[in-house]
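Asks: Let me begin by handing over the structure; questions about it come next.
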Amino acid sequence: QVQLVESGGGLVQAGGSLRLSCAASTIIFSIYDMGWYRQAPGKQRELVAVITSGGSTNYVDSVKGRFTISRDNAKNTAYLQMNSLKPEDTDVYYCNAAFRSAEVWGQGTLVTVSS
């Protein structure tokens with residue numbers, strides 16, 4: 001069973017940057033599509049960005065041009081670089097690994113952007 005551990009969340013002022021990391025406990029990390037989601041209390045979890053096993057990326061419109069998803073298969077780690085952060089980016093961010101019908105979630109990391 002793959003386990004995902006997120007890190008890098010915290011408190012930042014509006015306009016600042018953070019980089020989230022998602023470390024996977026598997027040697028076959030490269031076969032997984034990796035995604036970052038976020039969820040605010042009482043709201044549905046929202047897909048923020050995804051990077052496929054082949055390296056293709058996709059983003060929700062609200063973060064295009066500000067966030068960059070990447071992966072380092074040698075380190076079994078996915079990243080989310082977040083620049084020009086806004087207060088509305090405040091959420092718990094979750095890492096997701098998906099392969100065919102199987103998926104795994106991390107425990108989440110809180111990002112708080114102050115105005």
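Asks: With every protein chain left in place, what is the accessible area of Glu88 in Å² (1.4 Å probe, nearest 10)?
Replies: For Glu88, solvent-accessible area is about 120 Å².
Asks: Describe numerically, in nm with one decimal, the distance between label points set 7 Å from Cα along Cα→Cβ at Ser84 and at Ser25.
Replies: Result: 3.9 nm between the two label points.
Asks: Could you report the chain's accessible area per residue, 1.4 Å probe, as an integer in Å²?
Replies: 53 Å²
Asks: Quick check: at a probe of 1.4 Å, how many percent of the accessible area of the chain sits on carbon and sulfur atoms?
Replies: Carbon and sulfur together cover 49 percent of it.
Asks: What's the local net charge at Gln81, with K and R +1, D and E -1, over the other residues with C-beta under 10 Å away?
Replies: Local charge sum for Gln81: +2.
Asks: Moving to a separate point now. What does the net charge come to around Ser30 if you take all other residues with beta carbon closer than 12 Å to its beta carbon, with K and R at +1 and D and E at -1?
Replies: Value of the local net charge: 0.
Asks: Next question, about the same structure. What percent do you get for the relative contact order of the chain when only Cα pairs under 8 Å and 6+ apart count?
Replies: Taking the mean separation of contacting Cα pairs over the length of the chain, I get 36 percent.
Asks: Further question on the same structure: Considering only Arg45, Arg66, Arg100, give the residue with the highest GNM mean-square fluctuation for the chain, with springs between Cα atoms whenever their separation is below 10 Å.
Replies: Of Arg45, Arg66, Arg100, the most mobile in the Gaussian network model is Arg100.
Asks: Follow-up question, since we're still on this one. For the chain, how big is the tail of P(r) above 20 Å, as a whole percent of Cα pairs?
Replies: More than 20 Å apart: 35 percent of the Cα pairs in the chain.
The values are calculated or read from the model by the stated rules, or taken from the named source; none is laboratory data. Treat the numbers as computed from the prediction; the structure is a model and nothing was measured. For neighbour counting, all protein chains shown are included, and Cβ atoms are generated from backbone atoms with ideal geometry for every residue, glycine included. Please note that ligands, DNA and RNA were not included when accessible areas were found on the heavy atoms of the full protein model with its side chains. Shrake-Rupley method; radii C 1.70, N 1.55, O 1.52, S 1.80 Å.
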